[in-house]
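Engineer: Here it is, the structure, as C-alpha cells.
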Amino acid sequence: MSGSRSASWWERPAVFAVAMATLVALVISSAMVRDRVYAASRAQTQLLYIPDGAVLGRMALSFDALLADVYWIRALQHYGGTKRADSEEKSYDLLGPLLDITTTLDPRFNVAYRFGAIFLTEGYPNGPGRPDLAIALLQKGIGEMPDKWEFYMDIGFIYYWWLQDYNAAALWFEKAANVPGASWWLRSLAANTLAAGGSRESSRTLWQQIYESADNDWIRNEAVRRLTQLQALDDIDQLIGAAQRFIEQGGRPPESWEELIGAGFVAGVPVDPTGLPYVLDSSNGTINVSSASELFPLPGETLPPPQ
Amino acid sequence: MAVIPRIAVHVFKESVRDKVLYNLVLFAVLLIVASYLIGQLTAGQEVKIIKDLGLGATQVFGLFIAVFIGIGLVSKEVERRSIYSLLAKPVRRHELILGKYAGLVLTLAVNIAVMAVALYAVLGYMSWVETEEFRQSWEAPATDPAMLLAVFLVFTQLMLVTAIALFFSTFSSPILSAVLTFGLYVVGHFNADLRNFENVVDSPTAAYLARALYYVLPNLAPFDIRAEVVHAQPVTLGYVALTTGYAAAYIGALLLGAMFIFSRRDFK
Amino acid sequence: MSGYAIRLQELTKDYAVGFWRPSPVRALDGVSLDVQPGEVLGYLGPNGAGKTTTLKLLMQLVYPTSGRAEILGRPAGDVETRRRLGYLPELPYFYDNLTAEELLVYFGGLFGFSSADARRRASTLLDRAGLGAERRRQLRKYSKGMLQRVGIAQALVNDPEVVFLDEPMSGLDPVGRRDTRELIRSLGEEGRTIFFSSHILSDAEALCSRVAIVAQGRLAATGRLADLAFETKGWELVVTGTDDGALEALGLDTATTQVDGRYVIDLPVDRPPDQLLPELSRRGLRVVSLTPRRESLEDFFMRLVAHREETAS
C-alpha cells in the first residue's frame with residue numbers, strides 16, 4: 001500500500017495495538033472474574049436444568065453421538081471434580097442423570113455403561129454409593145445390546161461385592177455364561193458363588209479372574225487393589241489371632257504394638273502391603289489399616305452417604 | 001446529524017422492509033403464541049414450557065436475524081457493489097462500519113422487543129386465566145420481571161454474534177461469512193466444556209491449549225440464563241454486569257478489527 | 001494548488017492473483033494524465049484495459065501500488081474533497097428496498113443537506129434524469145437502464161465540480177444513450193469537469209474535446225479526437241415519421257429495430273449519410289440522431305501497435 005492514504009488517528013500502529021491489547025485483556029479478565037465468582041452456582045443450576053435425553057437427541061439432529069461425547073465428558077468432570085474437591089459434603093446427585101442422557105443420546109456407548117456403573121457404585125466419599133442406579137444403567141445397556149455378556153457379569157459383580165446378595169450374583173453370572181462368546185470361566189464362577197459366595201476365597205477367585213481377563217489398565221489396577229485389600233484382611237486375621245493370645249496370657253487387651261512386640265507375639269510393627277503400619281485401636285479392640293492407606297476403607301466398611 | 005447515525009437509520013429502514021426479516025419475526029411470534037397450546041399438553045408445566053420455548057424461540061430467531069441481516073449489510077453490499085456509490089460520499093470507511101453496526105443493533109433491538117412483547121402477552125394471558133391457587137404452584141410468577149433479564153442477555157449475546165458477522169463480512173463472501181459465524185456460534189456454546197478438558201486429558205500442553213482456546217473463542221453459554229430464570233434462581237446484577245462487560249469488550253475488539261480491515265482493503 | 005482538476009502521476013496498480021502463491025498482475029502501469037478544470041475528457045479503451053481500475057483508484061476504492069492521483073489539488077481519497085465530486089460506478093446497483101427518491105435523500109443527507117433541501121434536489125435530479133414518474137417506486141423494480149439513470153442522478157446530488165462516470169452509456173438503448181449524451185453535454189456546458197470512461201468510440205466523439213486512450217494498463221495516446229485517426233465503419237441513423245414501405249423504397253434495410261415509432265437503421269460505410277439526408281427530409285422523415293460507428297478501440301489499438309512496429313522496423 002503506497003503512502004498516499006491518510007490514516008485515521010486510531011490506525012496508527014501504536015494506538016491500534018494498545019487498544020486491541022486492552023480490549024483483549026478486558027475480555028479475558030472479565031471471563032476469569034465471572035468464572036471464579038459464579039462458576040459454582042452456575043454449574044449447579046445448569047445441571048439442575050438437565051434436559052431430557054430423548055428430547056435432546058431429537059434436537060441434536062444428526063449430532064447425537066457428538067453430543068453424547070460432550071455429556072460423557074461432563075459426567076467424568078462431575079465425578080472427578082466432586083471426588084477431588086475438599087468440601088465437607090459431596091453431592092454426586094447429577095451423575096445418574098448425566099449418564100442417563102449420555103446413554104440415551106448414544107445407546108451403544110459401551111464405556112459410559114461400564115465405567116458409569118463403576119462410578120455409581122463407588123461408596124461415599126469416593127462416589128455416590130448407588131448400586132441400584134448402576135444396575136439400572138447396565139440393564140439399559142443390556143436392553144440395547146443383549147449380546148454384551150460383560151454387562152451381565154458387571155451386574156452380577158455388583159450384587160456380589162456391593163449388595164452381598166450371592167444368590168442374585170450367581171444368577172447373573174449364569175446369565176452371562178449363557179451369552180454366546182462369553183468367557184469360559186463364568187460358569188464355574190456362577191457355581192462357586194452359589195456354593196461359597198461371601199467367602200474370602202471366592203472373592204479372591206473373582207478378582208483374580210477379573211485381573212486376568214481385564215482389557216484395560218484401569219480395571220486391572222482396580223483388581224490388584226482389591227486383591228491387596230483381601231491380603232490385608234488376611235493379615236488382620238493373623239494380627240487378631242496374636243492379640244487374642246495376648247489377652248489369654250495377660251488377661252487384658254494390648255494397648256499398643258510395642259506391648260505385643262515386647263510379649264513376642266509379633267516381630268515388629270506390622271505394615272500393610274502398601275507399607276503403612278496397621279492401626280491398633282485399644283479402646284474398641286479393632287485392628288485396621290491406617291486411614292491414610294490406599295487400601296482404606298477395607299471391603300465391608302464403606303461409610304454411609306450423608307442423609 | 002452526523003454521518004454514523006444517518007447510516008444507522010438507513011440500515012434500519014432497509015432491514016425493516018426486508019421480507020426475510022418480516023417472515024422470521026412473524027414466525028417467531030407465531031411459535032411463541034403456539035407455545036401456549038403446547039403448554040396445555042403438559043400437565044402443570046405450562047408456564048415453564050412457555051418460558052422455555054419463548055426464550056428459546058427468541059434466541060434462535062434472533063440468531064438468524066442477526067446473521068442474515070449482518071451478512072447482508074456488508075458482505076452482500078460489497079458483492080453487489082452497491083457499496084461503491086456509498087464510499088464515494090464524504091464518509092470515512094470506519095464510519096461506515098460503525099454506522100452499519102449501530103443500524104444492525106437497532107434492528108435487532110426492535111425485533112427482540114417484538115418477540116418479548118409477544119412472550120409477555122402470552123404469559124400475561126396465562127396468568128390472568130389461571131386460578132390463584134394454581135398460580136401459587138409456579139416456581140416463579142408467569143410475568144416474572146427476571147425474564148426481562150434473560151431477554152436482555154439474549155440481546156447482548158446477539159449483539160456479539162452480529163459483531164462477529166460484521167467482522168467476517170469485511171473480508172469474506174456472504175456464504176463464507178455466514179458459515180463462519182454459525183460455526184463460531186455453535187463452538188461458543190460448547191466453549192465452557194473446553195475448560196473441563198484439563199480434568200480429563202493428561203497432557204499439560206493439551207490442557208493449556210484448551211484453556212487458551214476457551215478464552216479466545218467467544219463464550220456464549222453464560223448469556224443463557226434460561227435455567228435460572230425458569231426455576232426462579234437468583235441472578236445477581238454483578239453477574240449481568242460482568243457478562244455484559246465481557247460482551248462489550250469482545251464487541252469492541254471485533255469492531256476495531258473490522259474497521260482496520262475494511263479501511264485497508266481493495267474493492268476489486 | 002496545481003491548477004489541474006485531476007492529475008495522475010505514474011499511477012500503477014498490481015493485483016495479487018491466486019490463493020496459495022499469489023503472483024502480481026499489473027492492471028495499470030505508470031499512467032500519467034492531467035485534466036483541466038471544465039474539460040470533458042473521454043477515457044477510452046478496450047474492455048480490460050484498466051479504465052475501471054483508474055476510476056477506482058481516483059475514488060480510493062482501491063489503493064495504488066505506486067504513483068499518485070490528485071483531485072482538485074488534494075490527494076485522491078481525501079474525504080473533504082469528496083463533497084465536490086460525483087461518481088457513477090459501472091453497472092450500478094443500489095438498495096432494493098428504497099425508492100429512488102429515498103436513495104437520493106439518504107445520499108443528500110450524507111453530504112449534510114437538510115431533508116427538505118435533499119428532497120428538493122432529489123426531485124430536480126430525478127426529473128432531469130427522466131425518472132420523475134418512477135421516483136416513488138422501489139429500486140428492486142428498476143430496469144438496468146433505469147438504474148443507470150438513478151446512478152447519474154445520485155452522482156449529481158451535491159452539485160459536484162468534478163464528475164466521474166464509469167461507462168455511463170452501458171445498458172442503455174439508443175434513445176437512452178442519446179439522452180445521457182445530452183445530459184453529459186449540458187453538465188460540461190455548466191462548467192463542470194467531466195471524466196468519463198467508455199469502450200465505444202462514438203460515445204466520446206459527440207462529447208469530448210480530448211480523449212485519453214488506454215490499453216493493457218498503459219496510456220496509448222492522448223489528444224484531440226480529430227487528431228487521432230479513427231476509421232469509420234458506418235453510421236447509426238435514428239428516424240421517425242415513416243414506415244417500412246418508405247424505408248424499402250429508399251433501399252434501406254427494413255430489418256431494423258423499431259421502438260416507439262422510431263427506426264434505428266444501420267448504414268453501411270459505403271452509403272454516406274450526406275447523400276441520404278436530403279432524400280429523407282424530402283419524404284417527410286425526421287432525423288432523430290445520426291451517429292458514426294467507429295472502429296472498435298481494440299481495432300484502433302491493434303492498428304496503432306502494428307503501425308508502431310512498422311515505423312520501428
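Engineer: How about residue A:175: which lysines have a C-alpha closer than 28 Å to its C-alpha, ignoring those fewer than 8 places off in the same chain?
Structural biologist: A:140, A:148
Engineer: Which of B:233, B:59, B:136 moves the most in a Gaussian network model of chain B with Cα springs under 10 Å?
Structural biologist: B:136
Engineer: Please report the projected area of the stretch A:53-191's Cα convex hull averaged over all directions, in nm².
Structural biologist: Here the figure is 8.8 nm², rounded to one decimal.
Engineer: Could you derive backbone 3J(HN,Hα) for the stretch B:152-163 from the dihedral phi with the Karplus parameters 6.51, -1.76 and 1.60 (θ = phi - 60°), listing whole Hz in sequence and x where the residue is Gly or Pro?
Structural biologist: Each residue of the stretch B:152-163 in turn: 4, 5, 4, 4, 4, 4, 5, 4, 5, 4, 4, 5 Hz.
Engineer: Okay, next question. Using the reciprocal of the averaged 1/r over all distinct C-alpha pairs, how large is the Kirkwood radius of the stretch B:31-132 in Å?
Structural biologist: Answer for the stretch B:31-132: a Kirkwood hydrodynamic radius of 16.1 Å.
Engineer: Sticking with this structure for a sec: Based on Cβ point charges of +1 for Lys and Arg and -1 for Asp and Glu, what charge dipole magnitude is obtained for the stretch A:53-191 about its Cα centre, in debye rounded to the nearest 20?
Structural biologist: For the stretch A:53-191, the charge dipole is close to 200 debye.
Engineer: Percent antiparallel among DSSP beta bridges with both residues in the protein assembly as shown, to the nearest 5?
Structural biologist: Taking every DSSP beta bridge within the protein assembly as shown, about 70 percent pair in antiparallel fashion.
Engineer: To the nearest µm²/s, what D does Stokes-Einstein give for chain A at 25 °C and 0.890 mPa s, using the Kirkwood radius over alpha carbon pairs as Rh?
Structural biologist: The diffusion coefficient I find is 104 µm²/s.
Engineer: Considering the convex hull of the alpha carbon atoms of the stretch B:3-264, report its projected area averaged over all viewing directions, in nm², one decimal.
Structural biologist: Over every viewing direction, the Cα hull of the stretch B:3-264 projects on average to 16.3 nm².
Engineer: Give the long-range amide H neighbours of residue C:288: residues separated by 5 or more places, or on another chain, with amide H under 5 Å away, using H modelled in the peptide plane at 1.01 Å from N.
Structural biologist: Amide H to amide H, under 5 Å and 5 or more residues apart or across chains, residue C:288 pairs with C:238, C:239, C:240.
Engineer: With all pairs of different alpha carbon atoms counted, what Kirkwood hydrodynamic radius in Å does the stretch C:161-226 show?
Structural biologist: For the stretch C:161-226, inverting the mean 1/r across all distinct Cα pairs yields 12.6 Å.
Engineer: Place a label point 7 angstrom from the Cα of residue C:185 along the Cα-to-Cβ direction, then list the residues of the stretch C:265-292 whose backbone nitrogen is under 11 Å away.
Structural biologist: Counting backbone N atoms under 11 Å from the label point, the list is C:289-290.
Engineer: Among all the lysines, which ones have a C-alpha under 30 Å from residue C:233's C-alpha, if same-chain residues fewer than 8 places away are not counted?
Structural biologist: Result set, ordered by chain and number: C:51, C:144.
Engineer: For the stretch C:72-168, what value does the Rg/Rh ratio take when both radii are computed over Cα atoms and Rh is the Kirkwood radius, given to two decimals?
Structural biologist: 0.96
Engineer: Taking only DSSP H segments of four or more residues, each worth -39500 (n - 2.57), what value at 222 nm results for chain B once the sum is divided by all its residues, to the nearest 500 deg cm²/dmol?
Structural biologist: -26500 deg cm²/dmol
Engineer: Length gain on complete extension for the stretch residue A:281 to residue A:242, per 0.36 nm per residue less the alpha carbon to alpha carbon distance?
Structural biologist: Result for the pair: 12.6 nm of gain on full extension.
Engineer: Be a star and scan the stretch B:51-86 for residues whose amide nitrogen sits under 17 Å from the point 7 Å along the Cα-to-Cβ vector of residue B:23.
Structural biologist: Backbone N within reach: B:61-70, B:72.
Engineer: Next up: What aspartates and glutamates does residue B:48 reach when the alpha-carbon gap must be under 12 Å and sequence neighbours fewer than 8 apart in one chain are set aside?
Structural biologist: Filter leaves B:139, B:144, B:228.
Engineer: Here is a further query. Once amide H atoms are placed 1.01 Å from N in the peptide plane, what residues at a sequence separation of 5 or more from residue C:233, or on another chain, have their amide H within under 5 Å of its amide H?
Structural biologist: Amide H to amide H, under 5 Å and 5 or more residues apart or across chains, residue C:233 pairs with C:293, C:294, C:295.
Engineer: Counting alpha carbon pairs within less than 8 Å and at least 6 residues apart, what relative contact order, in whole percent, applies to the stretch A:53-191?
Structural biologist: Relative contact order here is 16 percent.
Engineer: Per DSSP H run of n ≥ 4, the term is -39500 (n - 2.57); total these for chain C, divide by its residue number, and report the mean residue ellipticity at 222 nm rounded to 500 deg cm²/dmol.
Structural biologist: That comes out to -10000 deg cm²/dmol.
Engineer: The protein assembly as shown: percent of C-alpha pairs farther apart than 37 Å?
Structural biologist: Result for the distance tail: 64 percent.
Engineer: Also: Using a 10 Å cut-off on Cβ to Cβ distances, tally the other chain neighbours for every residue of C:57-63 and report the average as a whole number.
Structural biologist: 5
Engineer: Okay, moving on. Summarise the long-distance tail of P(r) for the stretch A:214-307 by giving the % of C-alpha pairs beyond 20 Å.
Structural biologist: Summing the P(r) of the stretch A:214-307 above 20 Å gives 43 percent of all pairs.
Engineer: I would also like to ask the following. Find out how many positive minus negative residues lie around residue C:135, taking Lys and Arg as positive, Asp and Glu as negative, among other residues whose Cβ is under 14 Å from that of residue C:135.
Structural biologist: +4
Engineer: Turning to a different aspect of this structure: Restricting to Cα atoms and excluding each atom paired with itself, what does the Kirkwood estimate give for the stretch C:17-126 in Å?
Structural biologist: About 16.9 Å for the stretch C:17-126.
Readers should treat all values here as calculations from the given coordinates under stated rules, not as data from a laboratory. Just so it is clear, the structure is predicted and the values come from calculations on it, not from any experiment. We place every Cβ from the backbone using ideal geometry, glycine too, and count neighbours over all the protein chains shown.
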